[in-house]
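What follows is calculated from the coordinates using simple rules that are stated; it is not laboratory data. Bear in mind that the values here come from a model prediction, so they are computed numbers and not experimental data. Note: ideal-geometry Cβ built from the backbone for every residue, glycine included; neighbour counts use all protein chains shown.
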Amino acid sequence: MRFYATFRPLVGGSAVDLPLDEGATVQDLLDAVLARWPALAEHLVDEEGRLSRRANVFVDGRGVRWMPDGVATVLSDAHEVDVFPAVAGG
């Protein structure tokens with residue numbers, strides 16, 4: 001799992017390895033991230049615990065929001081997960 005921009009200092013680097021059980025989903029991965037780095041909660045999840053619009057999560061280059069199963073997408077060791085802060089501007 002790779003983190004970018006302002007998320008890197010919060011996790012202490014650009015890439016982290018988190019062990020997950022077989023059949024784990026993106027949501028399981030996010031839960032593991034938040035358990036290890038609670039400071040990311042304000043960036044990754046909204047008040048209802050859903051993926052925040054302040055963060056973008058990609059699995060193999062595809063935005064999780066637009067994947068058929070969303071955060072319920074099942075991951076494997078072969079998947080690459082990237083987490084970016086949302087960017088706005090003009």
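Some values worked out for this structure:
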{"item": "Cα-Cα pairs of the chain separated by more than 15 Å (percent)", "result": "57"}
{"item": "Label-to-label distance, nm, for residues given as D17 and R62 (7 Å Cα→Cβ offset)", "result": "2.6"}
{"item": "Mean Cα-pair separation over length for the range 1-88, i.e. relative contact order, pairs under 8 Å, 6 or more apart, %", "result": "37"}
{"item": "In sequence order, calculated HN-Hα J values of the range 66-81 (Karplus, 6.51, -1.76, 1.60; Hz; x Gly/Pro)", "result": "9, 7, x, 9, x, 6, 8, 4, 7, 9, 10, 4, 7, 6, 10, 10"}
{"item": "Cut-off under 5 Å, modelled amide H: who pairs with A24 long-range", "result": "L75"}
{"item": "Amide H partners (placed H, <5 Å) of N56, local residues excluded", "result": "F84, A86"}
{"item": "Gain in span if fully extended, D82 to E47, counting 0.36 nm per residue against the direct Cα distance", "result": "10.4 nm"}
